[in-house]
1. Scan region 77-100 for residues that are hydroxyl-bearing (Ser, Thr, Tyr) and surrounded by fewer than 17 Cβ atoms within 10 Å (Cβ to Cβ) and report the count.
2. So how many residues does region 34-55 have that are free of Cβ contacts under 8 Å to residues at least 60 places away in the same chain and surrounded by fewer than 19 Cβ atoms within 10 Å (Cβ to Cβ)?
3. Which residue, of Val79, Val46, Val101, is among the β-branched types (Val, Ile, Thr) and farther than 20 Å from Met10 by Cα?
Amino acid sequence: MEEVFNGILMEITKECPQVHLGNMMRSPALALENKVFAFYHRQSMVFKLDEHAPFYIEKFPGADYLSPFKNRPPMKGWVVVPADYQYHWKSLAEEAYTNLVSLTKR
């Protein structure tokens, strides 16, 4: 599945040259100005979708909030989308990118 992430990275960096390879939780990530908006982790991709997160968790059975810490609540804006939905990963990465760009313009 990491090859799918690498393909998305190549496509998005062609479309948006300011996007670069980053790192999140020791995993390869898509970043803009060192702010990660998506990353590949444990055969899934994780996207920063903020207020749209509940919609995607409902849309994709098996998707859930990112919960990397045992003693802390899940990270509500981040959605883990399993490999079953890999054909949606690029559009989700684009949405996460758009969300990040809109936040930085505020």
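Each reported figure results from applying straightforward, stated rules to the coordinates on display, with no laboratory input. Since the structure is predicted, the reported quantities are computational estimates derived from the model, not experimental observations. As a convention, Cβ positions derive from the backbone with ideal geometry for all residues, glycine included, and neighbour counts pool all protein chains shown.
1. Here is the first cut: in region 77-100, the residues hydroxyl-bearing (Ser, Thr, Tyr) are 85, 87, 91, 97-98.
Imposing the further condition that a residue be surrounded by fewer than 17 Cβ atoms within 10 Å (Cβ to Cβ) reduces the set to 87, 91, 98.
Within region 77-100, residues that are hydroxyl-bearing (Ser, Thr, Tyr) and surrounded by fewer than 17 Cβ atoms within 10 Å (Cβ to Cβ) number 3.
2. Pass one, region 34-55, residues free of Cβ contacts under 8 Å to residues at least 60 places away in the same chain: 34, 36, 38-55.
So of that shortlist, the ones also surrounded by fewer than 19 Cβ atoms within 10 Å (Cβ to Cβ) come out as 34, 41-43, 50-52, 54-55.
Qualifying residue count, region 34-55: 9.
3. On inspection, the qualifying residue turns out to be Val79.
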